[in-house]
Amino acid sequence: MGRNNLALAVMSNTIKISSLPVSCPVPAVRSLRSNVQWTLLGYFVFGACQWLMLLVVARMGLPEMVGQFSLAMALTAPVILLLGLELRTVQATDQSNQYSFGNLFYLRATTLAIAMLVIVAITIARGYPTETSLMIFVMGIAKCVEALSDLCHGTLQQHERLDQMAIAKMVRGGLSVITLALGLYAFQSLLLATTVLAAMWCAILVFYDWPIAARLRQDQGNSSALPRIRLREVWQLLIIVFPTGILACQSSLEQNLPRLCIEDYMGDRELGIFSAVSSLIVAVTLVINAVHTAVLPRISKYLVAEQWRAMWQMLIKLSLLGAVLGGMGTAAVAIFGRWLLGFAFGPEYAEQSSLLVVLMLGATARYATLPLSTGFRAAQQFWLLAILQMVALVISVPVLILLVREYGGLGAAYSTVVLAILFAVIQVPAAIWALRSPKSRQVGREQLPAASLHEAA
């Protein structure tokens, strides 16, 4: 235990030193409109860069390389999200400052170490080739670094400094595309290029994300250094936030179960094609996710102030926005999908336009019900949401397997429509009950008078 405390103390001092170059103060809370605009910009640029990374692999490599890259992402993401815990949501909705950043950091660092052990065990158990196994391991390291940056972004989101979070995402996204492309060009190896990418993410964490978050905590009257670890407090925090890890894992499984199923039954090549095609729906998804990220702290404040009407008005508007954007996206890919696939990835992918349309239909159905999940998170009803989503996922798995066996990648797309319908059927009545129940008021009533919520938007 003494060695662990010494190591953590050294890490704390190192991180504290890295925060010194950030000398400019972090401004006060921005308006909701400004936060939405910045988040939209940040998510759009970051998502576009993620798509460009996939495009770089597709253009500079083979479909098998795209499949390998997608497999590494699909296998590591659920484990990292489950054991890393969705602590950024806890931070964003913690308007009474119940959880210290130090405890959140120690908890995430510990669970990420366990996550890497799980990833190694899964890789060995599945018997992947050596290069694929190494690729999965490197991607796991990169995802752990990203999870630590995400914790810094949670500090920014909690204090509604979405502009700083957006800038951080844009910096990471742009450098990721450049690094991956240069790595592939220089080494002609996806494994080495991904290793360089992981190193670059680590540099961004140390020299950008951490100093910005530390400065904001300092401006808010909190110490920028990490306190001494308190195992009892960290354990108590784990009990409270564990369902958020389940939620994060479920969200990842929602996206990656079809990919894993395709890889099992059809191989890397078909997985690469499916991953490339599904990447084209990212534009609409980014807009939806950005808006939900920006409004989550505000919905939490509405709940704290018991402004139920304002909360439901925002959730309904979010639902309508999701349906409208999804409908526009479906119409766009139905008309231009074949051309877009051919232009972006080549003629081999252009034949999959019907797959793109079905995927967009499933995404549209999901966009319309996603505000209910945001409402549960704002009310910190994490266990209830986790149970509801687990029921939908468990029911959808046998349907997914049957559809993939029968129709291949198109069957996986059909399964996304089925899952979205299941989410709607299960979550709508639960949300009507839970978000009108006195239980949803357990967010910390003692904070933030209602008048403070009427600031200019």
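Only one of the numbered conditions (1) surrounded by fewer than 20 Cβ atoms within 10 Å (Cβ to Cβ); (2) farther than 30 Å from residue 244 by Cβ is not met by residue 66, and that is (1). The helices (runs of 4 or more DSSP H) falling completely within the stretch 53-126 that include 3 or more residues that are of a type in the set (A, V, I, L, M, F, W, C) and at pLDDT 75 or above map to 63-84, 101-126.
Out of (1) farther than 20 Å from residue 251 by Cβ; (2) under 18 Å from the mean Cα position of the chain (by Cα); (3) among the small types (Gly, Ala, Ser), the odd one out for residue 140 is which? Status for residue 140: all satisfied but (1).
The lone criterion from (1) out of contact with any helix residue (DSSP H, G or I) (no Cβ under 8 Å at 6 or more places or on another chain); (2) of a type in the set (S, T, N, Q); (3) under 27 Å from residue 151 (Cα atoms) left unmet by residue 194 is number (1). Taken over the stretch 235-255, residues that are surrounded by 21 or more Cβ atoms within 10 Å (Cβ to Cβ) and over 22 Å from residue 372 (Cβ atoms) amount to 1. Under 7 Å between Cβ atoms, at least 6 apart or on separate chains: pull out the pairs that start in the stretch 110-132 with a residue that is within 30 Å of residue 233 (Cβ to Cβ) and end on any residue that is among the hydrophobic types (A, V, I, L, M, F, W, C) and not in a helix (DSSP H, G or I). The qualifying pairs are 111/85. Going by the conditions given, is residue 327 of a type outside the set (Phe, Trp, Tyr), free of Cβ contacts under 8 Å to residues at least 40 places away in the same chain and out of contact with any strand residue (DSSP E or B) (no Cβ under 9 Å at 6 or more places or on another chain)? Considered against the rule, which asks whether it is of a type outside the set (Phe, Trp, Tyr), free of Cβ contacts under 8 Å to residues at least 40 places away in the same chain and out of contact with any strand residue (DSSP E or B) (no Cβ under 9 Å at 6 or more places or on another chain), residue 327 comes out as yes. Criterion applied to 402, 419 was being surrounded by fewer than 17 Cβ atoms within 10 Å (Cβ to Cβ), in contact with a Gly (Cβ under 9 Å, 6 or more places away or on another chain) and closer than 16 Å to residue 262 by Cβ, and the one residue passing it is 402. Scanning the stretch 309-361 for residues that are within 12 Å of residue 281 (Cβ to Cβ), surrounded by 21 or more Cβ atoms within 10 Å (Cβ to Cβ) and small (Gly, Ala, Ser) gives 326, 329, 337.
Residue 408 fulfils the conditions (1) of a type in the set (Gly, Ala, Ser); (2) modelled with pLDDT of 85 or more; (3) surrounded by fewer than 21 Cβ atoms within 10 Å (Cβ to Cβ) except for a single criterion, (2).
The values are calculated or read from the model by the stated rules, or taken from the named source; none is laboratory data. Bear in mind that the values here come from a model prediction, so they are computed numbers and not experimental data. Quick reminder, even Gly has a Cβ in these numbers, built from the backbone with ideal geometry, and neighbours come from all protein chains shown.
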